[in-house]
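Engineer: Here it is, the structure, as structure tokens.
The values are calculated or read from the model by the stated rules, or taken from the named source; none is laboratory data. Computed from a predicted model, the values in this text were never measured in an experiment. Reconstructed Cβ throughout: ideal geometry from the backbone, glycine too, with neighbour counts over all protein chains shown.
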Amino acid sequence: MSLNLGLSLIQSMKQELRMTPQLQMAIRHLQLSRHELIEEIQRELMSNPLLEDSSNYQSEPSPKDLNESEDGRRRERLREVHARGDERGHERSDSVQISSESVNGIGDLNSPEGSHQARQEMDWERYVSDERYGRQELDQVKVSNDEHFSPLMTYTKSRTLQEHLSEQVALSDFSVSERDIAAILIGNIDDNGYLKVISAEEVATELEVDLELVEEVIESIQTFDPVGVCARNLRECLLAQCRVLNLSPALYTLIDLHLFDLERNRLPLIAKKMKVSVSKVAELVEELRQLDPRPGAQYSADSMSYVTPDVYIDWVDDELKVRVNEKDFPRLTINRFYREQLLKKNEGRRSRGKDTEGKRYVTERLNAAQWFIKSLEQRKQTIVRVMEEVLDIQREFFLHGPEYLKPLVLRQIAERLELHESTISRVTSNKYVYTPRGLFELKYFFNSKIQGNNGHEDLAGEAVKSMIKRLIEAEDPHKPLSDQKIVQRLEADSIKIARRTVAKYRESMGIGSSSQRRAHV
């Protein structure tokens with residue numbers, strides 16, 4: 001048996017799945033939140049000259065307005081570039097070839113609107129390749145004229161907690177060594193205002209100073225604004241606030257010696273140890289609630305977040321309807337001036353050779369603009385379709401409340417719309433809907449199933465949570481319901497649920513155990 005070693009060419013056919021750039025764009029747009037998508041649109045507007053935001057224009061401008069506007073000035077400069085091209089020998093290029101696919105869905109390119117100046121011939125190649133002109137367009141920023149003024153120019157960045165504390169260090173009477181210690185401490189304070197990343201011993205070792213000096217600096221920083229910052233635990237934070245605010249010695253003792261029992265609501269035991277009445281301990285607890293356990297949170301970048309709904313559910317003619325939120329959302333169109341120039345070139349002399357670099361660039365930008373607009377429209381339609389299916393399944397929730405929420409999984413919506421589950425997952429992530437019952441993330445309507453007893457209909461997890469919350473709100477505060485009691489109450493309503501599931505749901509809603517909820521006075 002011999003082996004035939006050698007090189008040969010073999011032709012074969014095979015099928016494979018590849019993601020086109022357009023599909024990748026559509027997937028990326030679908031998973032972005034509303035705020036992230038607006039940022040993406042602004043970046044595309046900056047990079048693609050054929051796109052413009054038409055939502056800022058109330059009506060079609062006149063030729064005079066165009067000449068006086070920024071767009072008019074840009075056209076004048078482009079004509080100057082064209083004039084320079086004519087002086088250098090009338091170097092003209094072939095017309096830009098635009099296929100029917102390239103302009104499909106963009107608009108009527110044969111529109112007669114537009115000024116005479118906008119229809120002047122342009123040297124596209126020289127416009128694209130003139131690096132000096134391109135730098136002028138990007139680098140020159142005029143702010144002397146009122147029409148260039150933007151309210152964004154007046155915005156200032158809010159100070160961080162570290163900047164706020166550093167300013168107070170600069171105004172203090174710290175020595176050079178103490179300032180060095182303070183700089184390290186402040187740099188290691190977390191968003192809540194606590195010093196947990198580094199210890200006083202580590203600071204003393206790093207700077208080769210006495211540990212007592214580091215402790216003195218920590219105590220001094222705790223008196224800064226906000227009071228209690230730079231503490232290493234909750235007890236130290238609250239005690240610092242007691243000292244600075246000159247609160248009662250009894251409250252200081254409660255925090256210093258009985259914080260562990262207080263967390264477990266053991267008021268009678270605390271009263272016995274402090275040799276005071278339970279009502280007195282309850283008064284101290286109310287006084288304690290006025291202190292701030294997270295003094296640095298007000299300076300955190302994540303301390304406040306704003307949510308804008310992507311869709312609305314409104315009552316229209318006694319019917320619930322889904323409506324897209326288009327307020328303050330950019331409306332993208334193809335720039336009319338560039339559009340007319342492309343049409344002018346296309347209707348003029350036919351190309352006698354291959355496209356130049358300038359033509360290819362303009363054609364690519366046109367196709368990119370088309371696909372970008374189509375991707376945004378597809379995203380909007382997909383969100384509306386998904387929300388309409390959710391509305392159809394969860395109609396009882398919108399009519400009667402959370403306890404009527406039905407079990408729902410992504411696969412059900414995917415099968416209804418003949419889409420992939422991953423598509424539904426992207427639609428429901430970081431998307432919000434404003435309904436007559438409040439603002440909800442789309443994922444809120446997808447819940448696990450809690451089995452019903454004796455043939456009763458299964459319920460969604462959120463519906464059971466609502467029932468648990470209702471039972472706890474109606475309980476006797478002196479005899480709160482245990483988790484096992486809640487299980488028995490739900491079983492009486494034909495809901496089968498485990499005690500550990502009740503505990504998990506209760507904790508997810510931020511509700512304490514029965515011992516923590518018990519009122520002693």
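Engineer: Where residues in the stretch 484-496 are at pLDDT below 85 and hydrophobic (A, V, I, L, M, F, W, C), which of them is surrounded by the most Cβ atoms within 10 Å (Cβ to Cβ)? Break it down stepwise before answering.
Structural biologist: First pass over the stretch 484-496, keeping only residues at pLDDT below 85: 491-496.
Subsequent filtering for residues that are hydrophobic (A, V, I, L, M, F, W, C) retains 492, 495.
Numbers: Ala492: 9, Ile495: 19.
Once the filter is applied, the top-ranked residue is Ile495.
Engineer: Test Asp173 against the criterion of being assigned to a loop (DSSP other than H, G, I, E, B) and exposed (fewer than 14 other Cβ atoms within 10 Å of the Cβ), and give yes or no. Can you show your working first?
Structural biologist: On the way: assigned to a loop (DSSP other than H, G, I, E, B): yes; exposed (fewer than 14 other Cβ atoms within 10 Å of the Cβ): yes.
So Asp173 fits the description; yes.
Engineer: What are the residues in the stretch 188-212 that are farther than 20 Å from Ala240 by Cα and not in a loop (DSSP other than H, G, I, E, B), if any? Lay out the reasoning, then the answer.
Structural biologist: Initial filter on the stretch 188-212 (farther than 20 Å from Ala240 by Cα): 201-210.
Result: Glu201, Glu202, Val203, Ala204, Thr205, Glu206, Leu207.
Engineer: Quick check, is Ile221 within 24 Å of Ser166 (Cβ to Cβ) and buried (at least 18 other Cβ atoms within 10 Å of the Cβ)?
Structural biologist: Yes; evaluated as a whole, the condition is true for this residue.
Engineer: Give the residue, chosen from Pro402, Pro407, that is in contact with a Leu (Cβ under 8 Å, 6 or more places away or on another chain) and either hydroxyl-bearing (Ser, Thr, Tyr) or modelled with pLDDT under 90 (or both). Write out each step before concluding.
Structural biologist: Numbers: Pro402 fails: in contact with a Leu (Cβ under 8 Å, 6 or more places away or on another chain).
After applying the criteria, what remains is Pro407.
Engineer: Would you say Lys380 is within 30 Å of Thr423 (Cα to Cα), at pLDDT 90 or above, of a type outside the set (Asp, Glu) and more than 23 Å from the chain's Cα centre (by Cα)? Quick ask: steps written out before the conclusion?
Structural biologist: Details: within 30 Å of Thr423 (Cα to Cα): yes; at pLDDT 90 or above: yes; of a type outside the set (Asp, Glu): yes; more than 23 Å from the chain's Cα centre (by Cα): no.
So Lys380 does not fit the description; no.
Engineer: Pairs please, first residue from the stretch 480-499 and touching a residue at least 40 places away in the same chain (Cβ under 8 Å) and under 13 Å from Ile450 (Cβ atoms), second anywhere and in a helix (DSSP H, G or I) and of a type outside the set (S, T, N, Q), Cβ atoms under 7 Å, 6+ apart in sequence or on different chains.
Structural biologist: Within 7 Å, the pairs are Ile495/Val464; Ile497/Val464; Ile497/Val487; Ile497/Leu490.
Engineer: Separate question: Mind checking whether some residue in the stretch 467-483 is modelled with pLDDT under 90, more than 30 Å from Ser33 (Cα to Cα), hydrophobic (A, V, I, L, M, F, W, C) and in a loop (DSSP other than H, G, I, E, B)?
Structural biologist: Within the stretch 467-483 (the criterion being modelled with pLDDT under 90, more than 30 Å from Ser33 (Cα to Cα), hydrophobic (A, V, I, L, M, F, W, C) and in a loop (DSSP other than H, G, I, E, B)), the answer is yes, since at least one residue qualifies.
Engineer: Out of Glu44, Glu16, report the one residue that is at pLDDT below 90 and either of a type outside the set (Phe, Trp, Tyr) or in contact with a helix residue (DSSP H, G or I) (Cβ under 6 Å, 6 or more places away or on another chain) (or both).
Structural biologist: It is Glu16.
Engineer: Looking only at the stretch 23-39, how many residues end up being surrounded by 16 or more Cβ atoms within 10 Å (Cβ to Cβ) and not aliphatic (A, V, I, L, M)?
Structural biologist: Residues flagged as surrounded by 16 or more Cβ atoms within 10 Å (Cβ to Cβ) and not aliphatic (A, V, I, L, M) within the stretch 23-39 amount to 3.
Engineer: Looking at Glu340, Glu364, Glu347, Glu357, which is the one that is over 23 Å from the mean Cα position of the chain (by Cα), at pLDDT below 90, within 24 Å of Asp53 (Cα to Cα) and surrounded by fewer than 17 Cβ atoms within 10 Å (Cβ to Cβ)?
Structural biologist: Glu364
Engineer: A further question follows. Tell me which residues, restricted to the stretch 367-407, are buried (at least 19 other Cβ atoms within 10 Å of the Cβ), β-branched (Val, Ile, Thr) and farther than 30 Å from Tyr338 by Cβ.
Structural biologist: Ile383, Val386, Val390
Engineer: In the stretch 446-460, is there at least one residue being at pLDDT 85 or above and part of a helix (DSSP H, G or I)?
Structural biologist: No; the residues of the stretch 446-460 include none that is at pLDDT 85 or above and part of a helix (DSSP H, G or I).
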